[in-house]
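Notes for the one structure printed next.
The values are calculated or read from the model by the stated rules, or taken from the named source; none is laboratory data. Since we're looking at a predicted model, the values are computed, not measured. For neighbour counting, all protein chains shown are included, and Cβ atoms are generated from backbone atoms with ideal geometry for every residue, glycine included.
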Ligand code: UDP
Ligand code: MG
């Protein structure tokens with residue numbers, strides 16, 4: 001019989017945390033409806049896969065998915081969610097920064113009639129300047145831009161009704177936008193405060209550069225939502241502006257030449273400026289176009305963002 005709840009956990013080089021995580025899960029599982037735990041090994045280079053292979057023998061509720069290489073947290077999560085059998089899905093991190101003891105709380109909230117319940121790390125235990133501060137800025141921006149009011153989009157600890165994730169595809173840093181993507185499909189969303197612990201084992205795979213990627217993903221998602229079917233609306237404006245600017249410059253120079261009788265062939269800076277702007281815009285547009293093609297490809301072809309090596313047991 002299928003379990004009611006599937007707990008999905010991506011793990012990348014978490015050999016130290018895993019035994020503790022499994023013990024904590026073993027304590028919590030009796031408190032919730034019948035559940036399975038899917039741990040996705042995201043191409044770890046340490047002892048993670050071995051520990052997982054051993055643990056499957058010990059814990060009957062454990063299923064292990066081993067990816068062929070490191071595909072990133074979103075792909076690993078997708079893999080776990082694809083293979084989950086429960087009607088209710090829970091995601092959390094493997095490093096015990098999320099507390100498995102909060103799972104019952106999320107499930108209770110879900111029962112109140114929500115489709116998605118997101119954890120809010122009210123007392124987040126991460127470095128201030130490289131993580132908490134940029135996250136606060138990013139969270140405020142995401143909240144404003146998307147209109148989905150959460151305090152903490154980055155918290156992996158979330159619970160969903162399966163339907164809420166239908167048609168939601170995630171890439172890159174997009175796993176944090178699941179609530180936004182689900183909201184676009186009419187999901188009822190709630191947020192509950194959860195505990196957060198400092199990392200006790202191993203180290204974070206992310207630093208400041210991640211916030212940049214998160215913001216980029218946000219912009220790209222926004223772009224995709226709005227312009228997927230009409231990229232010209234997007235490219236038209238800057239294209240037109242550039243053309244207009246170039247035209248004005250030429251007009252100005254022609255004016256100098258014709259009426260001022262001046263030489264205009266000696267303005268390298270002007271040329272350089274125009275060249276740089278054009279090149280920059282060109283690159284951005286090419287990047288966006290590539291992004292569009294990539295996403296259309298993954299969503300249209302049903303091709304997976306990950307590749308599986310093994311499923312245990
Ligand atoms: N993770 C993963 N693939 C990656 C990077 C991270 O599966 O390429 C997992 C990692 O093992 C952890 C979770 O994603 O369970 C969150 O990663 P981390 O703790 O490094 O992020 P932070 O808590 O610092 O935001
Ligand atoms: Mg962590």
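Of all residues in region 125-150, those that are within 14 Å of ligand 1 (Cβ to nearest atom), loosely packed, with under 14 Cβ neighbours inside 10 Å and closer than 14 Å to residue 222 by Cβ total 0.
Only one of the numbered conditions (1) in a helix (DSSP H, G or I); (2) at pLDDT 90 or above; (3) within 16 Å of ligand 1 (Cβ to nearest atom) is violated by residue 156, and that is (1). Report yes if residue 64 is more than 15 Å from ligand 2 (Cβ to nearest atom), in a strand (DSSP E or B) and under 20 Å from the mean Cα position of the chain (by Cα), otherwise no. Considered against the rule, which asks whether it is more than 15 Å from ligand 2 (Cβ to nearest atom), in a strand (DSSP E or B) and under 20 Å from the mean Cα position of the chain (by Cα), residue 64 comes out as no. Only one entry in 270, 256 is assigned to a helix (DSSP H, G or I) and modelled with pLDDT under 75, namely 270.
Conditions tested, residue by residue: (1) out of contact with any strand residue (DSSP E or B) (no Cβ under 9 Å at 6 or more places or on another chain); (2) over 22 Å from residue 310 (Cβ atoms); (3) modelled with pLDDT of 95 or more.
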{"position": "9", "(1), (2), (3)": "no, no, yes"}
{"position": "40", "(1), (2), (3)": "no, no, yes"}
{"position": "64", "(1), (2), (3)": "no, no, yes"}
{"position": "73", "(1), (2), (3)": "no, no, no"}
{"position": "81", "(1), (2), (3)": "no, no, no"}
{"position": "97", "(1), (2), (3)": "no, yes, no"}
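Under the condition of being in a helix (DSSP H, G or I) and at pLDDT below 85, the residues counted in region 143-153 number 2. Within region 38-80, the set of residues being in contact with a helix residue (DSSP H, G or I) (Cβ under 6 Å, 6 or more places away or on another chain), under 27 Å from residue 169 (Cβ atoms) and free of Cβ contacts under 8 Å to residues at least 40 places away in the same chain comprises 41, 42.
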